[in-house]
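A short reminder: the numbers here are calculations on the coordinates, not readings from a lab. Bear in mind that the values here come from a model prediction, so they are computed numbers and not experimental data. No Cβ is skipped: glycine too gets one built from the backbone with ideal geometry, and neighbour counts run over all protein chains shown.
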Amino acid sequence: MRGHTRTVVLLVAALLPVAPAFPTSLQPAADGRLSIDLTRAAEPPVIDGRIDDVAWKTPPLELPEWVTYNPVKGQRIPQKTEVRLTYDDRGLYVAFHCLDPEPAKIRATLSRHDQLFNDDWVGLSLDAIGAGQWSYDLFVNPLGVQGDILDSATEGENISPDFVWDSAGRLTPDGYDVELKVPWKNFRFSSGREVTMRILFWRRVSRIGMSASWPALADNKPFFQNHAPMLLHDLARPLALEMVPSATFARDQERLGPQGLALTASRPDFGLSVKYGVTSTTTVEATVNPDFSQVESDAFQMEVNQRYPVFYSEKRPFFMEGMGTFQIAGASGDSVMRTAVDTRQIVDPAWGSKASGSLGRVTFAALVASDTAPGRAPDADALLKDRNETFLVGRATYSLGASSYAGAILTDTELASGHNRVAGADFTYARGSHQWTGTFLASRSLSTDGRETTRGLAGQATYGYSTKRWTFMNQAERYDPDFRMDTAFLLQTGITSDWTYGQLSLYPDEKKHSWFKRFSVLGFTRFGRDEMQGGDLAVGLLGVQGSFTRQGSLRVDYAVMREPWAHQSFPTRRLQAFGGAQLLRWLGVNFYASGGRAVYYDTTAPFVGPSWSHSLGATLSPGPCFSQNVSWDHYQMDRPDGTRAYRVDLLNLRTTYQFDRRFALRAIARYDSSAQRMLTDLLASYEPVPGTVAYAGYGSLLEQRVWDGSAWQPGGRDYLTMRRGLFFKASYAKRF
């Protein structure tokens, strides 16, 4: 009977390739916004970038005109966008017909996943649960290259996760076409006879540097309150099972003495990761003997005379996905705590597991991992020898409405006889143009020998106000000297401070100054007490900023500071400028320059001296397949008597040839003058979908070293190859 019904449906679809009786349409919602009532597809479209399938014979949605949101809000662009939507039990299907009055100027390059954001692109933001806490943001350029972001009320945008979905695109005489298939098994939502999700569409026009959306991003609403409701009928989320076996072979050599390179490792390694959808809104993951190696090395960063530790972003897939759940309110790049859960602290895990999900208004997540690094460290004492450090993180939030929540977090690290345990609560409440956040944390720590116990408190409170013209934010924060959170990236403790940021934006007449989009005046102040360094801190900054076409921006600011260090107070000042632009379709540039007087952070003989730094970068894409990234960073500082304290030059080169969306060759060269080292890294990669990958790579580290008879010491005239390695890595994602 079911086979006969399917035959009739296919026959009718073949004879009548026109709009269905009840096409996808816009309806007024209860809150006055437009709602999309989605119609099920009788036959799914083929995702090939051609909008000629039966499913697309319906007229496009009659969307009101799209409105810009970046860098200017509220303007219209001449590029029109047509959208068609449908769905079935497997996924959501979207077709974009992107019109452009100057199609020859569309920018499109072949690149790896998430490397498309300097191109033209189109995409959507899908709040699958509809609670206003999460959205899966998907982007596609005119050649079908994908990018995705996990956006959350707790963390904001996180580009690290990679979702599994299908896309295709092609250039057309009047613009470009893009098709997407978003499989339901990769996104959490509540099954039912009527399922309400929320959706938003956006488009970027590279050459004018403008981004537009529908619905419009209102000045007086947080991001998640702008999405349009989308109604689907009789939809059940498939319970997904994914298994990813992996295999790695590495052959490493190291120069242990003057005789030459010696083989230090030649080993195969195997691992397995499993992900299972327990319910339509809950997923558990586990990995055993995982391959947590990084395929791409970290770019060299300035490490000389740094008061705070250098932050490196996470690149290991198991930790990247879903980590935004563990972020807490108020943690950011401007705060003492950048993130509450920095998974780079888990250096070499033997195993790990995660669980995440939602139940009504409650969202929850948990992470457990065992790190072998402490016990294997060359300088590990007898107490830590062969010991693993266990990490446990638990997180839950309760939705108070779109972009608002109350949450709790618990972290625990255990090593030898010691531990570090932190419990806390936080909230974010958004209403119109206003936002309030608060966080409270309490820690209890026991030393690894079990003899010393310390306790500490920490917290912050933030108020923010944002409109098209005005931006204002104030944050007060406090971290006790004995507060400790081993899972966090925390700059310092023993600090009490309050910072304020304000910005006024002006918008020139577009008809008179089509190249000039926005002009802003901004100010920043910070005052506080640093108990660890024994002094008061003060910062005052005033600056101006402009936004232009071709993704152009320029900012200039001047700051005066009083900084405590080693129980002394040092007056400093700084003038800086930075910006960038996509000058040509094939050339993007950026720069940074800073000069003034800075502190030399020596614990016994600190001083203030003249300091200068600059950075120059360029991205060259002469064709859709080839890309060259170049950056040069220079830092120098002099002592009061005029002698040089240090000079550091960093050079990072990255060359990529992308044969198609799946196969690429990449070469990296990095140079650090302060460490007297050079790194080369060659990689061939094949990645048909996230999780299924094959890599072959070779890397070498060259350093200026001299043999003193017992060990290698910095110095010497020649660069010697101190380490080199060859590796092969493959994994296969099987989804059931």
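Tabulated data
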item: Cα centroid of the range 494-556 to Cα centroid of the range 704-723, whole Å; result: 46
item: Asp114/Glu510 FRET efficiency (R0 25 Å; Cβ-Cβ; nearest 0.05); result: 0.20
item: Whole-number percent relative contact order across the chain, with pairs defined as alpha carbons under 8 Å at least 6 apart; result: 9
item: Leu584, Leu138 arranged by Cβ crowding within 10 Å, fewest neighbours leading; result: Leu584, Leu138
item: Order by protection proxy (mean Cβ within 10 Å, highest first), peptides 644-652, 481-489; result: 481-489, 644-652
item: For the range 22-235, the fraction of alpha-carbon pairs in successive 5 Å shells from zero, as %; result: 1, 7, 15, 21, 22, 18, 11, 4, 1, 0
item: Derived scalar couplings ³J(HN,Hα) [the range 465-482; Karplus, 6.51 cos²θ - 1.76 cosθ + 1.60; whole Hz; x for Gly, Pro]; result: 9, 9, 9, 4, 9, 10, 9, 9, 8, 9, 9, 10, 9, 9, 10, 4, x, 9
item: Euclidean distance of C-alpha centroids, the range 619-650 and the range 457-493, integer Å; result: 31
item: Length gained when the stretch Leu263-Ala382 is fully extended (0.36 nm per residue, less Cα-Cα span); result: 40.1 nm
item: Fully extended contour minus Cα-Cα distance, from Ala236 to Ala442, at 0.36 nm per residue; result: 70.0 nm
item: Alpha-carbon centroids, the range 134-166 and the range 177-242: separation in whole Å; result: 11
item: For Met722, distant residues with modelled amide H under 5 Å away; result: Leu701, Leu702, Glu703
item: Hz values of 3J(HN,Hα) by residue in the range 554-562 - Karplus curve (6.51, -1.76, 1.60), Gly and Pro given as x; result: 8, 9, 10, 8, 10, 10, 10, 9, 10
item: Residues Ser514, Ser353, Ser125 arranged by fewest to most Cβ contacts within 10 Å; result: Ser514, Ser353, Ser125
item: Integer Hz, Karplus 6.51/-1.76/1.60 couplings in order for the range 499-506, x for Gly and Pro; result: 10, 9, 10, x, 8, 10, 10, 10
item: Whole-Å semi-axes of the chain's equivalent ellipsoid (Cα gyration tensor); result: 43, 32, 29
item: Sum of -39500 (n - 2.57) over DSSP H runs of 4+, divided by residues of the chain (222 nm, nearest 500); result: -1000 deg cm²/dmol
item: FRET efficiency, 1/(1 + (r/R0)^6) with R0 22 Å, evaluated for Thr279 and Leu392 via beta carbons; result: 0.45
item: Taking Glu194, Glu314 and counting other C-beta atoms within 10 Å, the order from fewest to most; result: Glu194, Glu314
item: Tilt relative to the chain, helix 2-15 - C-alpha long axis, 0 to 90 degrees, to 10; result: 80
